[in-house]
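Take a look at the structure below.
The values are calculated or read from the model by the stated rules, or taken from the named source; none is laboratory data. It should be emphasised that the depicted structure is a prediction, and the values quoted were computed from it without experimental measurement. Positions of Cβ are backbone-derived with ideal geometry, glycine not excepted, and every protein chain shown enters the neighbour counts.
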Amino acid sequence: MRRAAAPFIFLWGVMPAWAGEPSSAYTPFDLATCTQVAAPDDYVFEGSWICPGYDGIDIFQSGADARSYAAFGRNPEKHCAAKKTFNPFNTALSPVEWRLDDGKPFAAIERWSIADDEGGQAGTWLVVNALRNGQSCHVHYVSGSYPNANEEARRAADDLARGFDCETDVPTVDSKIGPPPIALVSCRELQTE
């Protein structure tokens, strides 16, 4: 009986890979333990950090004027994602959820806290990022109050991220509270602003 159980458990453990379904992994980060790559200035720049991510993919976090910037991969400070932030004061939060295809990340999902006019929390948004060789960019936004927001962000990552053209495609939105307070533009348009 013990012999029969071992092959069953082994087959059950690898079935999701056979099915080809994307999966998730999570990477928490704490700026206090990340490597600071740019020091703050005397004005509004708060500094930049590189944190260990999943499968050797760096997590880049930066701040200026009480707003966060985030990107993923090598030289992330040059990525389109590192140049986008929400208009109100905000904070990109830990952990990052990585969407994986056969164990390889193709998208990163990060929750952001958005401040209201008085400095309190107005809500959250999930930002889905496509991961490319040498690039990461925003693909989709899901309001934190949207029904099943986490599942919707995963669905958007699975459906959109692998075919998204960071240069020319414009991010899409799932929301019942209106559009996110961020410029809905392609990376090419962002460069010309």
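Taking N75 as the residue in question, decide whether it is among the polar types (S, T, N, Q), touching a Gly at 6+ places or on another chain (Cβ under 8 Å) and either at pLDDT below 95 or closer than 25 Å to A115 by Cβ (or both). Judged against the criteria, N75 is a match. Residues in the range 61-88 that are in a strand (DSSP E or B) and farther than 15 Å from A130 by Cβ: Q61, S62, G63, A64, R67, S68, Y69. Considering the range 166-179, and only residues there that are closer than 14 Å to N129 by Cβ and part of a loop (DSSP other than H, G, I, E, B), the residue that is modelled with the lowest pLDDT turns out to be C166.
Of the residues making up the range 122-142, not a single one is of a type in the set (G, A, S), assigned to a strand (DSSP E or B) and under 15 Å from A25 (Cβ atoms). Of the set (1) touching a residue at least 24 places away in the same chain (Cβ under 8 Å); (2) in contact with a His (Cβ under 8 Å, 6 or more places away or on another chain), all apply to D30 but (2). Of everything in the range 83-92 that's in contact (Cβ under 8 Å) with a residue 40 or more places away in the chain, touching a Phe, Trp or Tyr at 6+ places or on another chain (Cβ under 9 Å) and not charged (D, E, K, R), which residue is nearest to E189 (Cα to Cα)? Ranking the qualifying residues of the range 83-92, first place goes to T85. Entry remark, the range 38-63: residues being farther than 22 Å from C166 by Cβ and either surrounded by fewer than 17 Cβ atoms within 10 Å (Cβ to Cβ) or among the charged types (D, E, K, R) (or both) number 11 in total. Exactly one residue out of C187, C137 is within 19 Å of W98 (Cβ to Cβ) and in contact (Cβ under 8 Å) with a residue 40 or more places away in the chain, and it is C137.
Scanning the range 156-184 for residues that are farther than 22 Å from P105 by Cβ and without any contact (Cβ under 8 Å) to a residue 60 or more places away in the chain turns up T168, V170, V173, S175, K176, I177, G178, P179, L184. Give me the residue from the range 116-151 that is under 22 Å from D165 (Cβ atoms) and small (G, A, S) and, out of that set, surrounded by the fewest Cβ atoms within 10 Å (Cβ to Cβ). Filtering first and then ranking leaves G134. Is there a residue being more than 23 Å from P179 (Cα to Cα), touching a residue at least 60 places away in the same chain (Cβ under 8 Å), assigned to a loop (DSSP other than H, G, I, E, B) and among the acidic types (D, E) anywhere in the range 93-113? For the range 93-113, residues more than 23 Å from P179 (Cα to Cα), touching a residue at least 60 places away in the same chain (Cβ under 8 Å), assigned to a loop (DSSP other than H, G, I, E, B) and among the acidic types (D, E): present. Among the residues of the range 44-58, those that are free of Cβ contacts under 8 Å to residues at least 40 places away in the same chain and touching a strand residue (DSSP E or B) at 6+ places or on another chain (Cβ under 9 Å) comprise V44, F45, E46, G47, S48, W49, I50, C51, P52, D58.
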